[in-house]
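So the structure is just underneath, and the comments pick up after that.
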Amino acid sequence: MSGKLDFIQQEMAALREQGLLVQPRVIDSPQGAWIAVDGKKVLNLCSNNYLGFANHDVLKRRSQKAIEAFGVGPAAVRSIAGTLTLHRELEAKLARFKGVEATLTFQSGFCANLAALGSLAGPEDVILSDELNHASIIDGSRLSRARVVRYTHCDPQDLREKLRGESQARRRIVVTDGVFSMDGDIAPLPEIVKVSSEFDALVLVDDAHGEGVLGRAGRGIVDHFELHGKVDLEIGTLSKAFGVVGGVVAGRRDLVDYIQQKGRPFLFSSAVPPADTAACLAAVEILEKSGELVERLWANTRRFKEGMRNLGFDLGRSETPITPVMIGDAKLAGAFSRKLFEEGIFAMSIGYPTVARDKARIRVMLSATHSDSDLDFALEVFGRVGRELAILH
Ligand SMILES: Cc1ncc(COP(=O)(O)O)c(C=O)c1O
């Protein structure tokens, strides 16, 4: 007799068979260049800890002080009784850092996308979305109940064609990742802004992987392209380069105020705790003072990518510290990742549905915490394992 939960065994077996089962490894150390994973010390090539803030002494001290001053929990959603002076201080500091009128912070970047798209778009509107946009943009778009039209990845000409047919929509909203999280390429934002302005469309950019990475001392993609005042809303995360947890929207005061009225994660989910908020404040202050960590991140990125290309690896379209090592087959990518781990390197394989079925890869993330000798070790192991598995010839 078939049971109502049989689908679970069937679907889990199918995922296992295709090499697509999600099996998180467990970390038992602070974040850093080397971490303890499943009881083994390994070189960490898969965190979003771009600048080393996740275990930075200054951030830790600020967190500890905030716990003493405010306790551990926010005790409410922000709209009722959860907004602390710390949240407002962080929002003001982020606004100054990014050169915008206002920002509003959230529990995560995912929540920031849900809040932004859920607030700005409705059933009468159309969202034009890059076909490789992050899942949180996809889910935020669904939440809005707007019609979604996908345009070809990083193709302003296709965006123009798609916008041409949408003059009847109440609002046209163009949304793109700034840096694409699985490929590491950068959206052609100046062209997207230009095309969008021809059709009076709002422009939203999700800068989760640009913040702390692109622009002056990590001010993000808008700063990188000098598009200040031309992008309606930047959406970001405090969980990657900023090293902590949280999300942010940044732009004109009236727009940000509007999202505070309408954004459901703001209205219906508890605030970020004081310790995390204080740590984020410290991260922004460090970047306001110096771009040194960002420069180190880019020096590491250049060194590693040059070495990998010389070995013969295909790094796809990457232009940033996100370095996909293209493999194709999900099972082979999984085997590569496991073999790297045996050799002391933590670099996860990524398969469907995060990337297309035949585009499985190892995703290497570089960080300012890596030393030259860490990177040389990584190159030596990648080369050896790549030849062993006949990925390199
Ligand atoms: C492009 C993009 N947007 C949003 C998010 C979500 O950010 P968070 O982890 O802070 O929820 C991520 C992270 O995975 C991302 O890569």
(request) Could you pull out the residue among R16, R25 that is open to solvent by 40 Å² or more (accessible area, probe 1.4 Å), in a loop (DSSP other than H, G, I, E, B) and out of contact with any Lys or Arg (no Cβ under 8 Å at 6 or more places or on another chain)? (result) R25
(message) If a residue must be surrounded by fewer than 17 Cβ atoms within 10 Å (Cβ to Cβ) and closer than 17 Å to A283 by Cβ, how many such residues does the range 89-114 contain?
(response) 3
(message) Whether any residue in the range 217-227 is open to solvent by 20 Å² or more (accessible area, probe 1.4 Å) and in contact with a Lys or Arg (Cβ under 8 Å, 6 or more places away or on another chain) is what I want to check.
(response) yes
(request) Report, by residue number, each residue of the range 124-140 that is surrounded by fewer than 20 Cβ atoms within 10 Å (Cβ to Cβ) and closer than 17 Å to S108 by Cβ. (result) A135, I138, D139
(request) Look through the range 367-393, keep the residues that are among the hydrophobic types (A, V, I, L, M, F, W, C) and within 17 Å of M348 (Cβ to Cβ), and return whichever of them is surrounded by the fewest Cβ atoms within 10 Å (Cβ to Cβ). (result) L389
(request) Starting from the range 304-323, keep only residues that are assigned to a loop (DSSP other than H, G, I, E, B), then list their pairs with residues that are modelled with pLDDT under 95 and of a type in the set (D, E, K, R) whose Cβ atoms are within a distance under 8 Å, requiring at least 6 positions of separation or different chains. (result) none
(message) Just to be sure I understand, how many residues within the range 260-283 are within 16 Å of the ligand (Cβ to nearest atom) and either in contact with a helix residue (DSSP H, G or I) (Cβ under 8 Å, 6 or more places away or on another chain) or more than 20 Å from A81 (Cβ to Cβ) (or both)?
(response) 13
(message) If the requirement is being touching a Ser or Thr at 6+ places or on another chain (Cβ under 8 Å) and aromatic (F, W, Y), which of these qualifies: F225, F180, F199?
(response) F199
(message) Against the definition (open to solvent by 30 Å² or more (accessible area, probe 1.4 Å), part of a loop (DSSP other than H, G, I, E, B) and under 29 Å from G351 (Cα atoms)), how does K230 come out, yes or no?
(response) no
(request) Report those strands (runs of 3 or more DSSP E) wholly inside the range 100-193 carrying at least 1 residues which are within 10 Å of the ligand (Cβ to nearest atom). (result) 102-106, 172-177
(request) Can you tell me which residue among F242, F225 is within 12 Å of the ligand (Cβ to nearest atom), touching a Gly at 6+ places or on another chain (Cβ under 9 Å) and under 30 Å from E295 (Cβ atoms)? (result) F242
(request) Could you look through the range 184-220, keep only residues that are of a type in the set (A, V, I, L, M) and within 17 Å of A368 (Cβ to Cβ), and pick out the one that is nearest to the chain's Cα centre (by Cα)? (result) V213
(message) Within the range 42-55, does at least one residue satisfy the condition of being within 23 Å of A279 (Cα to Cα), over 26 Å from the mean Cα position of the chain (by Cα) and assigned to a helix (DSSP H, G or I)?
(response) no
(message) List the residue pairs whose Cβ atoms are under 8 Å apart, where the first residue sits in the range 242-269 and is more than 22 Å from V203 (Cβ to Cβ) and at pLDDT 95 or above, the second is open to solvent by 40 Å² or more (accessible area, probe 1.4 Å) and more than 15 Å from the ligand (Cβ to nearest atom), and the two are 6 or more positions apart or on different chains.
(response) G243/N55; G243/H56; L267/S79
(request) Please determine, by comparing only the residues of the range 194-209 that are part of a loop (DSSP other than H, G, I, E, B) and more than 9 Å from the ligand (Cβ to nearest atom), which one is farthest from K98 (Cα to Cα). (result) F199
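The values are calculated or read from the model by the stated rules, or taken from the named source; none is laboratory data. From a predicted model like this one, the values you see are computed outputs, not experimental measurements. Please note: Cβ atoms are built from the backbone with ideal geometry, for glycine as well, and neighbour counts cover all protein chains shown. When the accessible area is computed, the model is the full protein with side chains, heavy atoms only, and any ligands, DNA or RNA have been set aside. Shrake-Rupley method; radii C 1.70, N 1.55, O 1.52, S 1.80 Å.
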